[in-house]
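**Student:** Sending over a structure as structure tokens; questions will come in a sec.
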Amino acid sequence: MQFESVIRGRRSIRAYEADEVPEELIREILGEARWAPSWRNTQAWNVWVLRGAALQNYKDEFRAAVERDDPAALDLPATAEWPQACSARTAALMKSRSATLAAAGEPTDPAAALARMADLFGAPCLLVFGFDDCLAEAYAGFDCGAFVQSVCLAAYDRGLGTCIVATVIRYPDILRRLLPGADGMRFVVSVTLGRPVADSPANTFERSRADLDELVTWVS
Ligand SMILES: Cc1cc2nc3c(=O)[nH]c(=O)nc-3n(C[C@H](O)[C@H](O)[C@H](O)COP(=O)(O)O)c2cc1C
């Protein structure tokens, strides 16, 4: 696929077909994505691939924590107060998403959104990204982000969909307990992976990007 089509075509996919992604294809995607840049080529990212019974087990534990109303405790805390320009972009995203879902008769309330996330939007595979607790989170998180974007693009190039999801790692102690080698790790994000439901409203609502002039300062 052409570079521009990959960059522009990738979008967050929030409705998946149930069919499994072959292990060979996941290996190909991760193998390509590991060519992402990192601080002094440290490649200090780790990824866990959850499928089958292990995935179901994680979903069950996550749902139980939601039902108990456990407080969210992300390893990398999210920003509490965003600058106004950023909040306005989120508001525009939510408006577009709600309008498209409502027009299709689908629920738009936060509880429904959380339930869909807890089900991983029906994805048959979840990739969980983390790094060793001894690392400075700014650089390790930055490097991990480059890796994650490369995974999303490599998956899209092969006809698969992804969604980066912080919400489903908001109880990281569950992950540290369930995942092999995860003790002493901090989790950055997870990524759902699978074949997109082609015409789902969750996968087709419009998103926009800020004008370049809002982001760029030319200095000469
Ligand atoms: C760090 C990070 C965390 C995210 N967490 C969530 C999430 O919890 N739930 C969700 O539906 N989307 C999540 N997203 C996806 C963003 O909402 C999405 O990337 C953004 O709206 C831009 O849309 P696009 O990916 O379709 O271009 C996350 C994205 C990033 C980069």
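Every read-out reported here was derived from the displayed coordinates using simple, explicitly stated rules and does not represent laboratory data. Note that the structure is predicted; figures quoted are calculated from it, not measured. Quick reminder, even Gly has a Cβ in these numbers, built from the backbone with ideal geometry, and neighbours come from all protein chains shown.
**Student:** Chymotrypsin sites (Phe, Trp or Tyr not before Pro) within the range 8-110: which are DSSP loop residues with at most 16 other Cβ atoms inside 10 Å?
**Tutor:** On the way: sites: Tyr16, Trp35, Trp39, Trp45, Trp48, Tyr58, Phe62; in loops: Trp35, Trp45.
The qualifying sites are Trp35.
**Student:** For the chain, report the translational diffusion coefficient in µm²/s to the nearest whole number, using Stokes-Einstein at 37 °C, 0.692 mPa s, and a Kirkwood Rh over Cα pairs.
**Tutor:** Values: Rh = 18.6 Å.
Reported coefficient: 176 µm²/s.
**Student:** Output the peptides 77-90, 120-133 sorted from most to least packed, where packing is the average of other Cβ atoms within 10 Å over each peptide's residues.
**Tutor:** 120-133, 77-90
**Student:** Of Ser38, Leu135, Gly181, whose Cα points farthest to the positive end of the dipole of the chain (charges on the beta-carbon: +1 Lys, Arg; -1 Asp, Glu; origin at the Cα centre)?
**Tutor:** Checked the options; the winner is Ser38.
**Student:** What net charge do the residues around Thr162 carry, taking every other residue with its C-beta under 10 Å from that of Thr162, with Lys and Arg at +1 and Asp and Glu at -1? Please list the in-between numbers first.
**Tutor:** Values: positive: Arg10, Arg11; negative: none.
Here the charged neighbours net out to +2.
**Student:** Now for a different question. Magnitude of the Cβ-charge dipole of the chain, K/R +1 and D/E -1, about the Cα centre, nearest 20 debye? Walk me through the numbers before you get to the answer.
**Tutor:** Working: 23 positive and 30 negative charges, 45 e Å.
Here the size comes out at about 220 debye.
**Student:** Only Cα pairs under 8 Å and at least 6 apart count here; give the relative contact order of the chain as a rounded whole percent.
**Tutor:** 39 percent
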